[in-house]
Structures are given as structure tokens and as C-alpha cells.
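Notes to accompany the following structure.
The values are calculated or read from the model by the stated rules, or taken from the named source; none is laboratory data. Bear in mind the structure is a predicted one, so any value in this text is a computation, not a measurement. Positions of Cβ are generated from backbone atoms using ideal geometry, with glycine treated the same way; all protein chains shown enter the neighbour counts. The accessibility values were calculated without ligands, DNA or RNA, using every heavy atom of the protein model including side chains. Shrake-Rupley method; radii C 1.70, N 1.55, O 1.52, S 1.80 Å.
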Amino acid sequence: MKSYITTPIYYVNGSPHIGHAYTSIVADIMKRNRRALGYDMMLSTGVDEHGQKNQEAAAALGMEAIAYLDMRCKEFREVFDLFDVDYDYFVRTSRDAHKAAVASMEQTIFDKDLIVKKEYTGKYCKGCEEFKRDSDLTEDGDCGLHPTMKIEESKEINYFLKMEPFREKLLQHIEDHPDFVQPNAFRNELKKMLAEPLEDLCISRPKSRVTLGVELPFDPDFVTYVWFDALANYLTTINWPEGDYSAWWAECEHLIGKDILKPHGVYWPIMLMAAGIPLPKKLSVHSHWTGEGGIKMSKSIGNVVDPNEVMDLMGVDALRWYLARHMRAESDSQISVELIRQTYNSELGNKIGNLLSRVAKFSNKNFDGKVPVAGALTAEDEALRKLVLEAAAGFGEWIDMPDIPARIQAIVAAADVMNEYIDQQAPWSLFKNEDTRERCATVLHVTLDCQRVLFEALRQVIPGSAEKALAMLNAPAPASPWKAELDKLPGGNPLGEIDSLFPRVNAPEA
Ligand code: MSP
């Protein structure tokens, strides 16, 4: 069983931001989930190094393109390492084998007479790196996605891929494969994009304007349009065309933000059809993060969330938790450092982490540093165990991108019930009386074992903290493949060193 998950490859015209962090962290959660289920996994993420935007960013710093790209690539890689993104392959489109494969794909399509050369006058958005129709622009003539970047008039000779011959076939593919695009809102959006005849896609840029790119194999005066080059990464990563790529390709799922649905849902499938390559299995689309109040994040408003700032203030798992838990499937979600801090303190701190340290510390102190040994279980114990098992079991099943928040919510709900259980059972009082000491041991054992199951599941979401929690419990190594199971924390086992898992974070001084 194989699964190949891709993230977009990110433009390197700036530092990694929260949107980049989001898609790559979600991809990592899905990888950890599927690996727990026993799948062979391939996760690719990386950087998109070509195009005008990157070229201008290098020039603005007065740097040679290669030195600039190396610098940014290192920065992105380091950030993804800090985010605990367990990628198998880090994409760089400046790699020679990638460039050669892109050129070979172009030559194949060119040889089928599907690429034409012609003059084109149009409006160009550098942010999207694409030509726009008037109907794509706002009333002020700006690009809705990049209102601060000026639309440029351009009149150029370029190469174009014929798109219209493939439109009906692509629509049919979407009809025949209801899961090809998910969630449904984005499937419908894509169908709308394909409802009208498609213009030819400009797939080149003259070297007089852009030099940072893959030279066209059939005309050395041009480089490849950055999107054509970038999309091909999903194949070149698995060694297309020479290598043994087909088993991975058959299981490929692209994770993308809604801003890049058109390149992935229209351009890419048509490029593949033109080259005679099967389409990927699935496109999973997510909405965007906005600032508080639903306002688009921007440097001028000052509501941009810097992932590094969040990491420094509260650690990687505060960031992973918020991103994984609070994205809604079909509409934008809000984020700010303050929202992340409050969620971290209330959920990870108060509901999940404190319970572990309270119960583990009490057991450690009163039961000789060991997990207490349970006696007979009551109906309350069994009810809690059942609920916890069901919540954790959500991570022993296949998780698609839109499922993640609800699966985490089930864990939070189970933690709530566990807190109520502890308050009601009050092991601290039970311990005081010789007669109820055995009951106290049972309550503690039930709770510690339930926490073990929850933290085993949470290894998929907050791996660093979950492993730390399991080490505090001195829990035996979880089985692989994994499924949620009770009674794996033996009574009488020594506990590990107990520390605070999610120390409280106060608001930074204004
Ligand atoms: N280089 C192209 C992608 C090529 S893939 C073959 C590109 N790069 S990008 O740097 O602009 O990153 C786009 C991706 O970043 C989005 O699709 C999404 O994954 C993520 N996000 C960017 N802004 C975002 C938010 N505000 N919220 C969530 N994710 C968003 O486009």
C-alpha cells in the first residue's frame, strides 16, 4: 500500500509564511496518519525557484540568482524541519534532472502539434505569474489576489498550449471521479472554470524579460512559464520519466490552497493529457487563513502571523495545533498570535497537559514512582474508556485533509470528559482513606492508560509533545501499524520523569 502526498512548492521571493506552514504541516499530519495505518509514504514539499517574481527578489537584494535561491531554499528547509514536517523529498526546481524532464515533457507535447507560437497582448499579474482577462480583474484594474502588485501590459510573442481540445475530456473525468477534487465547493468551482471554452495557455516567457527558468527545448530564446515548470515537479520528484515512478504516481494526492485551484485543476490535468500521462488521484483544496475579523493578512495592516514568532513564544506544537484544528473546510478561518496563544493555554495547557501532570505527579508521589495497579472497573470507568477509545480510533483510520479538525475535536471532547471524571472521582480524596485507596489506584490507572491512548493518537498532530507525554508515562513503544487499544500501560510500571508539557504562556508585553 502506497500513498504519495504533495504540497505546493513555494515561491522564494520572501520568507516562509503561515500559509506555507499550513499546507506542509497538514501534509505531515496526513503522512503520519497513513504511516500509522501501514502505508508506504512519500511526502514532497519544497520550493519553486523560477519566474519573474523570484528573479526580481534576487535583484532587489543585489544577489546572483543562484546565491539567492540557495539562501532561501536553506531558510525554507530549516523552517519545515523546525515545524516537524517529515518530508521525504525537498523539491528544488533548479535541479538539473528536473529541468531536463520539464524540457522532455514540452518536447513531447510540441511534437504532437499542441503548442503554437503567436503574438499576444495581455495584462500580466506578477503575483499570479499569469495573464489576466479583464473579467479576472477588480473594478480598479487590479488582481484580487495581489492588489498591491501592479498589473503590467505586455505585448509579446510566446508559445501557447492548446487547452480547448481537452476541456470536455477533463469535465468528464471530474464527473467520473467524484473524489478527484474535494471538498465539493471547490469541485463545483472547478467545473465552473471549465464551463466556457478555454483560451490557449501561454507556456513561455521571452528571455528578454525572464531568464530564471527552464529553456524551451525547441526555442532557446524562451524559458518555460514558471507554472508549467513547477507543476511538473510532482512527476520529476518521483523520477519521471526514467525511474520507477508509476506506482507512486497512481496514488498521488495534491494538497493545495484555493488560490491555486486553476493551475492544478485546469492547467495541470490538461498538460498531463497532452503528454499522455494519467491524472493524479486527488486534489485536496483548503481555504485560507485571514487575520482576526476576517481581514486579509498584510504587512501594512500589521496582522501577518509570523510562524517563527509563534514558535519562539510557545513552541512548534502550539502552531501545529492551531493550524490543524481551526481551519474550516470550505470557508476562510482566522488566525493571530493571540488566538494561537489562547487556544494553546486553554486546550493544550488546561485541558490536556495539566491533567497529565496532575495525575502522573500524584501517582509518582503516592505510588512509589509507579503506575498504580487497577482493581475492578466501575461503569463510570468503562464509559470513560469507551469514549477515549472511540476518539483515539479516529486516528487509526484514514484521514483526509478536511477531516482533521473534527478528529482533533473528538480528542478535545474526550479530554473534557476525562477532566470531569477526575473531578468527580477525586482520587486525591480517595487516597486519604485506607478503605478507598484501591479505588484511588483504579481511577489513576484508568486515567493514565486513557491518556496514553490519546497521546499515541496525538503523535500524528503534535509529535514532539506527544512523545514527551508518552515518555513521562514511560509507555511501551506503540505498535506499528498502529490502532487505538486500551490496557497497554501496565500497572506497577515505573513512571518517567514528569515535567510540565505545555507551560502557560502569557501575552507578550505590549
Ligand atoms: N509556486 C506556486 C505553487 C506551485 S505548485 C506546483 C505558489 N507558491 S506560493 O508561495 O504563493 O504558495 C501558495 C500556497 O501557499 C497556497 O496554495 C497555499 O498552499 C499556501 N497559502 C498561501 N497563502 C495562504 C493563506 N493565507 N492561508 C492558507 N494557505 C495559503 O503559488
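Assorted remarks:
- Filter pass, Val446 being part of a helix (DSSP H, G or I), touching an Asp or Glu at 6+ places or on another chain (Cβ under 7 Å), open to solvent by less than 50 Å² (accessible area, probe 1.4 Å) and more than 25 Å from Met327 (Cα to Cα): yes
- Tyr10 meets the stated requirement of being in contact (Cβ under 8 Å) with a residue 24 or more places away in the chain and within 13 Å of the ligand (Cβ to nearest atom).
- Top-ranked residue of the range 159-188 - restricted to ones that are in contact with a Pro (Cβ under 9 Å, 6 or more places away or on another chain) and either among the aromatic types (Phe, Trp, Tyr) or modelled with pLDDT under 95 (or both), ranked as farthest from Asp219 (Cα to Cα): Phe180
- Single residue of Tyr344, Tyr322 found to be closer than 29 Å to His146 by Cβ and more than 12 Å from the ligand (Cβ to nearest atom): Tyr322
- Residue pairs whose Cβ atoms lie under 6 Å apart, sitting 6 or more positions apart in sequence or on different chains, and linking a residue in the range 26-37 that is over 12 Å from Val461 (Cα atoms) to a partner that is among the aliphatic types (A, V, I, L, M) and modelled with pLDDT of 95 or more, are Arg34/Met41; Arg35/Met41.
- Selection from the range 266-291 of residues that are assigned to a helix (DSSP H, G or I), within 12 Å of the ligand (Cβ to nearest atom) and under 17 Å from His177 (Cα atoms): Trp268
- Verdict on Pro307 being farther than 17 Å from Glu129 by Cβ and away from the ligand (no atom under 13 Å from the Cβ): no
- Residue satisfying all of: in the range 96-123; free of Cβ contacts under 8 Å to residues at least 24 places away in the same chain and not hydrophobic (A, V, I, L, M, F, W, C); nearest to Val226 (Cα to Cα) among these: Asp96
- Filtered residue count, the range 13-50, keeping only those that are part of a helix (DSSP H, G or I), polar (S, T, N, Q) and within 9 Å of the ligand (Cβ to nearest atom): 2
- Top-ranked residue in the range 293-309 [being open to solvent by less than 60 Å² (accessible area, probe 1.4 Å) and among the aliphatic types (A, V, I, L, M); ranked as farthest from Val79 (Cα to Cα)]: Met297
- Filter result (over 23 Å from Ala457 (Cβ atoms) and either surrounded by 13 or more Cβ atoms within 10 Å (Cβ to Cβ) or among the small types (Gly, Ala, Ser) (or both)) within the range 407-424: none
- Residues of the range 150-163 that are loosely packed, with under 15 Cβ neighbours inside 10 Å and closer than 27 Å to Glu139 by Cβ: Lys150, Glu152, Glu153, Lys155.
- Cβ-Cβ distances below 9 Å connect the following pairs, each with a first residue in the range 164-185 that is among the hydrophobic types (A, V, I, L, M, F, W, C), a second residue that is at pLDDT below 95 and outside any helix (DSSP H, G or I), and a separation of six or more residues or different chains: Ala185/Ala329; Ala185/Glu330; Ala185/Ser331.
- Tally of residues being under 20 Å from Ile29 (Cβ atoms) and open to solvent by 50 Å² or more (accessible area, probe 1.4 Å) across the range 66-77: 1
- Verdict on Ala392 being in a loop (DSSP other than H, G, I, E, B) and out of contact with any Pro (no Cβ under 9 Å at 6 or more places or on another chain): no
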